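Participant: Structure below; questions to follow.
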Amino acid sequence: MRRYRVERSVASGKWLVLNRDGEVIDSADSWPDAFAVASLIATVHTAQEDMAASLGRSHVDLVHELLDDLLSA
């Protein structure tokens, strides 16, 4: 499972969800909300990777195919 961390921003007072590279993925007003967002993102990414692996395709290719299907609908 991918790892994300939650830290408090001194400048804005918001709770930030950061990826392992330290990039801000999302923010929330409370720690529980930020933790829930981080958990949800990690779960979705893991599910995407598992589904792609079971289909024998890359996770990125699968996401692009799903987005193409959604946009063409």
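The values are calculated or read from the model by the stated rules, or taken from the named source; none is laboratory data. Please read these numbers as outputs of a predicted model, since none were measured by experiment. With ideal geometry, Cβ positions are generated from the backbone for all residues, glycine too; neighbour counts draw on all protein chains shown. What goes into the accessible areas is simple: the full protein's heavy atoms, side chains included, and nothing from ligands, DNA or RNA. Shrake-Rupley method; radii C 1.70, N 1.55, O 1.52, S 1.80 Å.
Participant: Got a number for carbon plus sulfur as a percent of the chain's accessible area, 1.4 Å probe?
Facilitator: 57
Participant: Amide H to amide H, which residues 5 or more places from residue 26 or on other chains are under 5 Å from it, using H placed in the peptide plane?
Facilitator: Counting only residues 5 or more places away or on other chains, the set is 17.
Participant: While we're looking at this one, here's another question. Per the Kirkwood treatment, what hydrodynamic radius in Å, one decimal, follows for the chain from the mean inverse distance over all distinct Cα pairs?
Facilitator: On the way: mean 1/r = 0.0732 Å⁻¹.
Its Kirkwood hydrodynamic radius stands at 13.7 Å.
Participant: For region 14-29, in order, what is each residue's ³J(HN,Hα) by Karplus, 6.51 cos²θ - 1.76 cosθ + 1.60 with θ = phi - 60°, in whole Hz (x at glycine and Pro)?
Facilitator: Once θ is set to phi - 60°, the couplings for region 14-29 become 7, 8, 9, 9, 10, 7, 5, 8, x, 7, 6, 9, 6, 9, 8, 7 Hz.
Participant: Cα axis of helix 31-55 to longest principal axis of the chain: angle in degrees, 0 to 90, nearest 10?
Facilitator: The angle comes out at about 20 degrees.
Participant: At a Förster radius of 30 Å, what calculated FRET efficiency corresponds to the Cβ-Cβ distance of residue 9 and residue 66, to the nearest 0.05?
Facilitator: 0.40
Participant: A follow-up question, please. When the helix-only estimate is applied to the chain (DSSP H runs of n ≥ 4, each -39,500 (n - 2.57), divided by the residue count), what is the mean residue ellipticity at 222 nm, nearest 500 deg cm²/dmol?
Facilitator: -18500 deg cm²/dmol
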